[in-house]
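My structure is below; once you've seen it, I'll send some questions.
The values are calculated or read from the model by the stated rules, or taken from the named source; none is laboratory data. Quick caveat, the model's predicted, so the values are computed rather than measured. Methodologically, a virtual Cβ is constructed for each residue, glycine included, from the backbone with ideal geometry; neighbour enumeration extends over all protein chains shown.
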Amino acid sequence: MADKDISANEFSLPSEEVEIKAELMEAWLNGKKIEFLTPKTMFDVQTILRHYKDIIVPEKDVKISYPEDNEGARCSVDKNEVFISTAHLQEGYVDETIGHMIHELNHLKMSDSERQTWATCYSMLETVLDSIFVPEDKDNPECDYLCLKDIVLSDPAICFESLYSPSCEVEEMKYGNFLRQALRDIAFLLNAVEDVRIDTLCQPNLKRYIDKGDSRIFSQWKEKYDAGEYSQNTLMDICFKLLFHHKGYLKDPFINDNFCDTNYILSSSPSEYTPVVLETFKEDIKNILSICGVGVKSGGSFLSLTNPCDLYMGNHSEDGEKILSDIADGDSNIMGRAKSDVGEITFAESAIRDFSNEKGFTDNRGGYAFRQAQEQHSKPKIVAKDVMAVIHSFQRIKVYETTEQLSDSWNEDSASQVDYSVVVYDAL
Ligand SMILES: [Zn+2]
């Protein structure tokens, strides 16, 4: 970008007519209409984001990254990092992007760390799997049954990074896809509750940005809802309904009957509501795992389990303790909390019988379909390298307020004080 003049607005969005949706931000800029995503606009967006960051989490040093992907907004509570994918910005959703940022910052302020969430989900998963049994030989009704927990957790390659990191090759793990999907789906349920809590408790002037995105997504979702697409009450259906019910967009009969108290969500901390949410929806969680468990695709399906003794030899990790410890990074507080989150939850034992179900776990189930739908919304139209370059360059600009004494060497009395700002472009 050395040969381009960023002050001359050379970095507007390429070619296509993209309508800029930025009414709320324009109000912040004294009503100045934003027509294009120019470098100046990107600078203003980042300024407003920094400003809101200082309001929401003034004590935290938050790293903000703008990955060139369509994964939506996300954050790492552990690392104090927020990721805002550029896809949404490229589509002109400026206000909604600011809304995403505010939402993620509120996660940093109020939510459990991802290790805690995954440790809790893992404990829940273990408890569920411990109650599901699989016939060693599906054609022999007299055969022995194996515990699904022993089968799935027998994989020595399971660790936090391998399950959590989207870039990690789960094919390496025998039941990696199953575990990752299952954990994501349970996490998605807890996340729906947490999203209700943090968005509703958000300061009203900041919440407007979030509401703008929510109402757009809801109007799209409601068409499917009205057409009965979410009437089966799978875990995914429940997550959607819970979110929109408690955000006040609809009154869903299922949520109303099972988990209707919005004030409870708003007045509880994650450590308080998590056991309640898991207990409330435990059979729904078990259902998706039972259905999906029979269709494990990756590497070793149960159908190919020819020698069950393998499970108990060599690599079998001791009742999952090692895995939990790895997810919690050895943090005994996280492990203790995970255990207490699910400590009271019990399941009746049950067996999976239908081994002929070939449907894989990565079909439209759980949070997966939701993520797919979200991702389809925000496919980047173009990889706008120029825009990225500008975003990155503005990220590195620092403004320092400086005061300097100026004095005339021949007249000490005329010394004057000047305040000015220094812009330092940190090119590293
Ligand atoms: Zn969220």
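Scan the range 226-234 and tell me whether some residue there is among the aliphatic types (A, V, I, L, M) and crowded, with 17+ Cβ neighbours inside 10 Å.
We begin by selecting, within the range 226-234, every residue among the aliphatic types (A, V, I, L, M); these are 227.
Okay, now just the ones that are also crowded, with 17+ Cβ neighbours inside 10 Å, so none.
Looking through the range 226-234, none of the residues is among the aliphatic types (A, V, I, L, M) and crowded, with 17+ Cβ neighbours inside 10 Å.
If you don't mind, there's one more thing I want to ask. Spot the failing condition for Ser219; the list is (1) within 16 Å of the ligand (Cβ to nearest atom); (2) modelled with pLDDT of 90 or more; (3) of a type outside the set (Lys, Arg), and only one is missed.
Ser219 satisfies every listed condition except (1).
Among Glu126, Glu114, Glu104, Glu194, which is the only one that is touching a His at 6+ places or on another chain (Cβ under 9 Å), under 25 Å from Asp237 (Cα atoms), modelled with pLDDT of 80 or more and not hydroxyl-bearing (Ser, Thr, Tyr)? Write out each step before concluding.
Values: Glu126 fails: touching a His at 6+ places or on another chain (Cβ under 9 Å); Glu114 fails: touching a His at 6+ places or on another chain (Cβ under 9 Å); Glu104 fails: touching a His at 6+ places or on another chain (Cβ under 9 Å).
Only one candidate qualifies: Glu194.
Have a look at Val82, Val57 and point out the one that is under 17 Å from the mean Cα position of the chain (by Cα) and within 16 Å of the ligand (Cβ to nearest atom).
Numbers: Val57 fails: under 17 Å from the mean Cα position of the chain (by Cα).
The match here is Val82.
Ok, one more. Checking the conditions here, which among Phe244, Phe240 is in contact (Cβ under 8 Å) with a residue 24 or more places away in the chain, more than 25 Å from Gly92 (Cα to Cα) and buried (at least 19 other Cβ atoms within 10 Å of the Cβ)?
Numbers: Phe244 fails: more than 25 Å from Gly92 (Cα to Cα).
The match here is Phe240.
What pairs come up if the first residue lies in the range 329-352 and is more than 18 Å from Ile132 (Cα to Cα), the second is among the β-branched types (Val, Ile, Thr) and crowded, with 16+ Cβ neighbours inside 10 Å, and their beta carbons are under 6 Å apart, counting only those six or more places apart or on different chains?
Qualifying pairs under 6 Å: Ala338/Thr120; Asp341/Thr120; Asp341/Thr274.
Also, quick follow-up: Restricting the search to the range 113-128, which residues are surrounded by fewer than 24 Cβ atoms within 10 Å (Cβ to Cβ) and within 14 Å of the ligand (Cβ to nearest atom)?
Ser113, Glu114 - these are the residues of the range 113-128 that are surrounded by fewer than 24 Cβ atoms within 10 Å (Cβ to Cβ) and within 14 Å of the ligand (Cβ to nearest atom).
If we only count helices (runs of 4 or more DSSP H) wholly inside the range 243-283, which ones have 3 or more residues that are touching a Ser or Thr at 6+ places or on another chain (Cβ under 9 Å) and not charged (D, E, K, R)?
Values: elements: 253-258, 262-267, 270-280.
Result: 262-267, 270-280.
Criterion first (modelled with pLDDT of 75 or more, assigned by TED's automatic domain parsing to the domain that holds His246 and either within 16 Å of the chain's Cα centre (by Cα) or of a type in the set (Phe, Trp, Tyr) (or both)) does Asp185 satisfy it?
Working: modelled with pLDDT of 75 or more: yes; assigned by TED's automatic domain parsing to the domain that holds His246: yes; either within 16 Å of the chain's Cα centre (by Cα) or of a type in the set (Phe, Trp, Tyr) (or both): yes.
Criteria met by Asp185.
Given the criteria within 24 Å of Val77 (Cβ to Cβ) and away from the ligand (no atom under 16 Å from the Cβ), does Tyr209 qualify?
Numbers: within 24 Å of Val77 (Cβ to Cβ): yes; away from the ligand (no atom under 16 Å from the Cβ): no.
It is false that Tyr209 is within 24 Å of Val77 (Cβ to Cβ) and away from the ligand (no atom under 16 Å from the Cβ).
Would you confirm, using the coordinates I've provided, whether Ala87 is more than 15 Å from the ligand (Cβ to nearest atom), in contact with a Pro (Cβ under 7 Å, 6 or more places away or on another chain) and modelled with pLDDT of 75 or more?
Working: more than 15 Å from the ligand (Cβ to nearest atom): yes; in contact with a Pro (Cβ under 7 Å, 6 or more places away or on another chain): yes; modelled with pLDDT of 75 or more: yes.
In short, yes.
Which residue pairs have Cβ atoms closer than 7 Å, lie 6 or more positions apart in sequence or on different chains, and pair a first residue in the range 64-76 that is more than 19 Å from Glu161 (Cβ to Cβ) with a second residue that is among the β-branched types (Val, Ile, Thr)?
The qualifying pairs are Ile64/Val82; Ile64/Ile84; Tyr66/Ile84; Tyr66/Thr86; Tyr66/Ile391; Glu68/Thr86; Glu68/Val383; Ala73/Ile84.
Then there's this: Condition first: more than 12 Å from the ligand (Cβ to nearest atom), part of a helix (DSSP H, G or I) and not assigned by TED's automatic domain parsing to the domain that holds Leu105. Can you find one or more residues in the range 197-204 that meet it? Reasoning before the result, please.
Quick first cut of the range 197-204, residues more than 12 Å from the ligand (Cβ to nearest atom) only: 200-201, 203-204.
Within this subset, residues satisfying the condition of being part of a helix (DSSP H, G or I) are 200, 204.
Next cut, not assigned by TED's automatic domain parsing to the domain that holds Leu105 only: 200, 204.
Yes.
Quick one: is Glu96 modelled with pLDDT under 90 and away from the ligand (no atom under 11 Å from the Cβ)?
Details: modelled with pLDDT under 90: no; away from the ligand (no atom under 11 Å from the Cβ): yes.
So Glu96 does not fit the description; no.
Also, I was wondering about something else. I need the full set of residues from the range 134-145 which are surrounded by fewer than 18 Cβ atoms within 10 Å (Cβ to Cβ) and assigned to a strand (DSSP E or B), in order please.
First, pick out the residues of the range 134-145 that are surrounded by fewer than 18 Cβ atoms within 10 Å (Cβ to Cβ): 136-145.
The one that is surrounded by fewer than 18 Cβ atoms within 10 Å (Cβ to Cβ) and assigned to a strand (DSSP E or B): Tyr145.
Exactly one of these conditions fails for Glu104: (1) in contact (Cβ under 8 Å) with a residue 40 or more places away in the chain; (2) outside the structural domain of Asp326 (by TED's automatic domain parsing); (3) within 16 Å of the ligand (Cβ to nearest atom). Give me its number.
Status for Glu104: all satisfied but (1).
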